[in-house]
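Each reported figure results from applying straightforward, stated rules to the coordinates on display, with no laboratory input. Predicted model, so just to flag it, every value in this text is computed and none were measured. Here the Cβ positions follow ideal geometry from the backbone for every residue, glycine too, while neighbour counts run over all protein chains shown.
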Amino acid sequence: AAALALACVVLFATKNAEEDNAPSSSLAFGFAGASMRRGLNTFRNVRGGVGSRAIKRWIPTARNFAGRMINKAARSKGFAVGMGTTLAAYAMASSPRTAAAFGWGKPVELLEKNACIAGTESPIPDAPGKDEKHFLLGTPMYPPFPENMEMVSLGMGCFWCSENLFMRMPGVHSTHVGYAQGVTKNPSYEEVCSGRTNHNEVVRVVYDPTKITLGDILKVFWERHDPTTLNQQGNDRGTQYRSGIYYYNDAQRKVAEESKKIYQAVLSDSGFGTITTEIEQADEFYYAEIYHQQYDAKPGSRQYCGLSPLGTQFPSDSLSSATG
């Protein structure tokens with residue numbers, strides 16, 4: 001079913017693409033993508049049933065026909081453009097996580113609370129255990145932390161990248177990544193990627209204010225990402241990539257707001273746009289899955305970095321007295 005749908009619809013869509021009939025072409029390719037997913041799911045559901053042997057005998061003929069039709073379509077100029085739409089539709093029909101990875105089918109702004117996924121009362125099963133230690137620092141990842149410690153949560157794009165910046169700074173006691181400032185209880189990564197939880201991907205930094213100031217941390221925060229792009233960092237798009245500073249006390253709030261004013265002046269002088277960073281009191285923090293924690297420090301990591309710094313410098317002495 002998937003193969004025949006793809007073959008027949010691709011021929012129709014390609015012909016329309018060649019004739020510059022964009023609406024018909026896009027519709028057809030979209031139908032092909034969705035049909036691919038539906039056909040595959042149907043086959044998975046019936047392959048153990050009564051008709052599975054008949055279906056299996058029919059598959060080689062269908063593949064042969066589909067191959068000839070697609071090869072014919074591929075020689076036309078409209079095929080390359082149209083297949084992109086087909087793959088997009090396939091991904092959107094596949095799963096929220098797949099679609100979200102390509103920026104398809106996900107909200108582009110925060111949702112009303114009643115439109116978000118409700119969530120669950122139980123923590124996600126692959127969250128780090130209560131006794132889990134920081135992979136790099138060897139310190140606890142759960143409170144209680146030593147009494148003199150402060151915490152701040154930061155959203156600045158992919159949390160793999162942001163945690164990697166802060167966990168190596170002298171004076172940082174622990175870091176962990178998770179989901180914050182959203183609606184859904186105990187969200188999973190897949191749910192956050194769908195854009196239907198309102199959560200942000202954040203790194204929570206636990207630091208010793210006698211060894212490192214909040215000003216030191218915010219200097220790295222501002223310099224190492226682009227705070228002018230709303231719900232986006234580089235190629236990563238969605239509300240979970242928004243820029244945000246989430247404070248735990250009023251002193252931190254004042255430092256954060258002052259730092260934003262200072263850096264906005266720097267950006268304005270350099271010809272950049274307006275900062276979109278939100279500054280809010282930290283809401284409940286939900287730990288991300290264990291495989292996300294200290295990802296860049298672990299062997300075999302992809303060393304991915306989606307942050308897009310603007311190349312400007314935060315004045316190093318502007319918050320020198322700010323301890324947070």
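Sorted by average packing, counted as other Cβ atoms within 10 angstrom per residue and highest first, what order do 175-187, 107-119 take? The partial results should precede the final answer.
Working: 175-187: 22.8, 107-119: 13.8.
Answer by packing, highest mean first, reads 175-187, 107-119.
Among 127-135, 153-161, 283-291, sorting by the average number of other beta carbon atoms lying within 10 angstrom of each residue, highest first, gives 153-161, 283-291, 127-135.
Taking max minus min of the alpha-carbon positions on each principal axis, segment 188-321 gives extents of 39, 36, 30 Å, largest first.
Filter Lys113/Lys298; Lys130/Lys211; Lys130/Lys298 down to the pairs with a C-alpha to C-alpha distance above 30 Å, please. Those over the limit are Lys113/Lys298. Amide hydrogen proximity for Ser174: with H placed 1.01 Å from N in the peptide plane, the residues at 5 or more positions away or on another chain lying under 5 Å are Val206.
Loop-located trypsin sites (Lys or Arg not before Pro) across segment 222-324 with a Cβ neighbour count of 16 or fewer within 10 Å are Arg302, with loop assigned by DSSP.
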